[in-house]
1. Residues that are of a type in the set (Lys, Arg) and surrounded by 10 or more Cβ atoms within 10 Å (Cβ to Cβ): find the helices (runs of 4 or more DSSP H) completely inside segment 1-52 holding 2 or more of those.
2. Of the residues 64, 70, which single one is at pLDDT below 95 and either closer than 30 Å to residue 122 by Cα or exposed (fewer than 10 other Cβ atoms within 10 Å of the Cβ) (or both)?
Amino acid sequence: MNRNEDTLSTREADQFGLTAAALLRQGSQSLPAGVKDRLYAARIKALSVKKPEKVRIAQHVLASSSGSWSSGSRSFWDNVGWVAPLVVLVFGLIGIAQWQQDSRINDIAELDVALLTDDVPPDAYADSGFLGFLKNGPLSESDQDSLSSVKTPS
């Protein structure tokens, strides 16, 4: 089937609407009075619940010299309203970067203070043997007792 055959022209749609309205009007005249009253009450109730139609007001729109379209009644805050979130975002990112940099500086300073105030010279940390000693920990008391018993004859 062709799509053009399925659609009605504006004139045909109007004619169909008028014919349907005439048939409904004729059918409603032959209804009993009780049914007519109920239909009338239902119509009144439906019209009272109906939401008011929105009225669209035409507003003149002018092109500015920059090529953008404006209505002419925009306030200052409407024009720069999008800038405020952008400024907050930029300052927030700058603040986060500053906080991270301060945190790194404090961590490095704490490490430097720990190294400089320790009894072990900083060069010892570069020695692989010393790092192995730190990983294994100091000798336990049982290990020290066994070593002392080996060195001193009983």
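1. 33-49
2. Of the residues listed, the single one that is at pLDDT below 95 and either closer than 30 Å to residue 122 by Cα or exposed (fewer than 10 other Cβ atoms within 10 Å of the Cβ) (or both) is 64.
The values are calculated or read from the model by the stated rules, or taken from the named source; none is laboratory data. As the structure is a prediction and not an experimental result, all values here were calculated from the model. Glycine gets a Cβ as well: all are built from the backbone with ideal geometry, and neighbour counts include every protein chain shown.
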